[in-house]
1. For the stretch 360-404, list residues with backbone N below 14 Å from a point placed 7 Å from the Cα of H339 toward its Cβ?
2. Karplus couplings for the stretch 148-158 from phi (6.51 cos²θ - 1.76 cosθ + 1.60, θ = phi - 60°), rounded to Hz, Gly and Pro as x?
3. Return the distance in nm (one decimal) between the two label points of a simple spin-label model at R45 and M456, each offset 7 Å from Cα along Cα→Cβ.
4. Expressed as a whole percentage, what fraction of the accessible surface of the chain belongs to carbon and sulfur atoms when a 1.4 Å probe is rolled over the protein heavy atoms?
5. Taking amide H positions as placed 1.01 Å from N in the peptide plane, with prolines and chain starts having none, which residues 5 or more places from G234, or on another chain, fall under 5 Å of its amide H?
6. Give a quick list of GluC sites (Glu not before Pro) in the stretch 1-75 that DSSP marks as loop, anything other than H, G, I, E or B, with at most 10 other Cβ atoms within 10 Å.
7. Separation between the K653 and A382 pseudo-spin-labels, each 7 Å from Cα along Cα→Cβ, expressed in nm?
8. Based on the Cβ-Cβ distance from A486 to R706, what FRET efficiency comes out when R0 is 60 Å, to the nearest 0.05?
Amino acid sequence: MRVSYRWLRELLDLPAELGPREVGDKLTLLGVECEAVEDLSAPIRDVVVGAILSRDKHPNADTLSLCTVDVGGPEPLSIVCGAPNCDAGKLTAVARPGVSLKGGPPLEKRAIRGVESHGMLCSGKELGLAGGDHDGILIVEGQHAPGTPLAKALGLDDFVLVLSVTPNRPDVLSHVGVARDLAAFLSMPAPPPIAPLAAHLEIPTESGRRPPLVNTTPPLRMKAPSATCAERGGPVDDAAQVKVDDLVRCPRYLARVIEGVTVGPSPQWVQRRLEACGVRSINNVVDVTNLILLERGHPLHAFDLDKLGLDRGRATIVVRTAKPGEKMVTLDGVERQLHAEDLLICDPERPLALAGVMGGKDSEVHQGTTRVLLEAAYFAPAGIRRTARRHALHTEASHRFERGCDPNKTLEEALNRCAQLIAELAGGQVRRGVAASYPKPIPEVEVKLRPARAAMLLGLPQKLVDEALVARALSALGLEVAGREAGALRFKVPTFRPDLTQEVDLIEEIGRLLGLDRVPETLPRGTGRPPPSRPSDTVVVSQDRVRATLLGAGFHEAVNMGFISPREADPFDGGGQRIPRLVLRNPISEELSIMRPSLLPGLLRSLAYNQRHGEREVRLFELGTAFLGTRPEGVKARPDTEDGPTGGDAYAKERTYVGIVASGTRMPRASDTAAVPVDFYDLKGVVEEVVEALGFNTNLWDGNVRLEPVPADRAPYLHPGMAAGVKISDEFVGVFGELHPALQEKLDLRPPVLVAELDVTALAALFPPPPSYKPVPRFPAVKRDVAVLVDERTRVEDVYGAVRRTPAAAQGVVEKVELFDVYRGKNLPAGKKSLALSLTFRAADRTLTDEAVNALHAEVMATMERDLKAEVRKG
């Protein structure tokens, strides 16, 4: 939302030291974040107002004029101008030599068709003003001394505060609302100490009244313009009436009639004020409705009264829902097919507006309008939200109605002030009375607040947050003390604050006004137990470590929706048979109809998108939730349910996973080397990095992570010869490998495609105990390298297992076994491979002799020959 600093100063007696940026900082402390401060005068800072003293014909050009212009200097300037409206006696915008317009080069004195020109008379477009054109020079309205800065003359000597307003704060979607918050904040003292109350305040009790709470410091007062309306015409009932058919969607509807208006351009001050807040000027009647919207925060709409259908001689407004097949053309010129749930403003014959969203073309105020019906209503937020989304219309009105407007005081004030201002600017008169429908007034709610509870939640001493402070703070925001109970106050909450419904809401308001930056920092009270010794014991920290590892490995994080199509899920959940599906009852579309059983479908969709757009080097990962349906034992699936083949019997089980995809070539590489496609072993290294970052040991000899073949039914989407499962403590925590060729072809993916998926929830639960430490060895180690021939089907893990079964390993003398080479090829028997191993021997209590090491080595070789039929390679 854009807020004018100048407008705020008109509403509030701000201290002189509070400039626009200081006000922005104060609002941010209040929870209304100021994202930027814009200086509206910056583009025209050096442009001034000039009075055209005379206009003569250019001696050498028929279409140019030679103007003498007073700009407040010792001598008038002679300026050549080609605009048709540069007549003597007018005030205009003058850019003198040396001034830059819209970031261009500085103007210079120069001869135009033989006559020297000392500057430029500017059009609105040349100055970059909203709504400016090249039809002529800008004519400045009002009385201004020559040389006055143009920004001041146009009301652009202002700053705009760009505020980010959260959805729960509809009360600050206006200048009056922002000023109210700011006034309350600036009048609140900062603890400690808490100053006395800023105004007289009496608190009613059940038995009588307490003495007033007094402070000599006056509060910061708002100066909101009067919301009264001078009525001079006949009774409104003779001209208009209101009928509301849907009192749930429209509890209140008010209308005033203004007659004898003359529709035309708005005064420049109105146009500039609207433009500063990002609203386009249309005409004086419509502009006033937008001006009051920005001032008071309540949407209004003006109808051409003479275009409304009559009922017994009176223009009639009917509020109802749409009929089957009904259509209307909205103000943006689009014909809209109306839905049965759309709330409409109608006359007896046809729709006039989408209630709370946008008016209709047929009843808009135009140049010939002389009678206006001005609407102010309260619409239920949920219905407006659905209508706006259904028609893809987000307007200033719908933005406010969706969040909740005030059905009472603000609505009345906005209607009266708008009617009065239309009468003043368009020359009309307001009929007496209001056409109204409000059969069941919406009451103010009461909320109880315990000062002791407020002090506890805010972390402040109870003696500081007492009844006086609480009453003063909330009264400054417009709440009223309704009564007092034991240790508590009851507050009547005005209807312009629909977000205040509970005690904690009121406590938050007190904290905002005291300044949340001043609330002391304290650690939460614990249970007496020490904090966990390993921060990695939580899934959240595990996610952070996984994310940091993958980002460091050159992967980019992706975020996909939790919904996918059944077609995408088929390879990963076996069509819903391997993993029961969680089917949405009311999906957005068929393509988003089930909860994802895996993160890989979304990542593969992202990979395909990148490849289609020419990106070959793709490294993506996603940390998110997968939804695994489970079926209680004994419960059978019912394929005929409306939820799909298994959705009716599925039960949700959410787990956090990390999904990884990689494609392209091995990175990085030198510019003079050939590109090598990524393969299974590249992905294996990444997976090992991830689990090691979580504290696990992937070393084959003494680690707690095992890589094993994946069962055929566990990951059918992987290439059967290029897949592995990650196993810790006999539990599979993930799989990785190359995507099945058939699936790559089906998804139109360019190979190679490597994928992995790890269960972060399981990894967090399986964190190993804290590392154990042992003293630095006192005795040296001895290494022996050996190459052994084994059957091609023998796993490296089988070799390590054979070494572990030797008596030497049991005695702790075999310290480490490392595989450093695998050879397949010529000079080897068919069906054999060569494994090169490095064996490390060390004793904790002695130095091993060569004879002892030879004996230990022979013992290891004998075990491998016996268990694996291994042969030691010679030469």
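1. 382-394
2. Values, residue by residue: 4, x, 4, 4, 5, 5, 8, x, 9, 7, 8 Hz.
3. 5.5 nm
4. About 51 percent, which is the carbon plus sulfur part of the accessible surface.
5. Placed amide hydrogens put R432 under 5 Å from G234.
6. Passing sites in the stretch 1-75 are E17.
7. Roughly 3.5 nm, to one decimal.
8. The computed FRET efficiency comes out at 0.35.
The values are calculated or read from the model by the stated rules, or taken from the named source; none is laboratory data. These numbers were taken from a predicted model, which means no experiment stands behind them. Every residue, glycine as well, gets a Cβ built from its backbone with ideal geometry; the counts of neighbours run over all protein chains shown. Quick note on the areas: whole protein, heavy atoms, side chains included, nothing else; ligands and nucleic acids left out. Shrake-Rupley method; radii C 1.70, N 1.55, O 1.52, S 1.80 Å.
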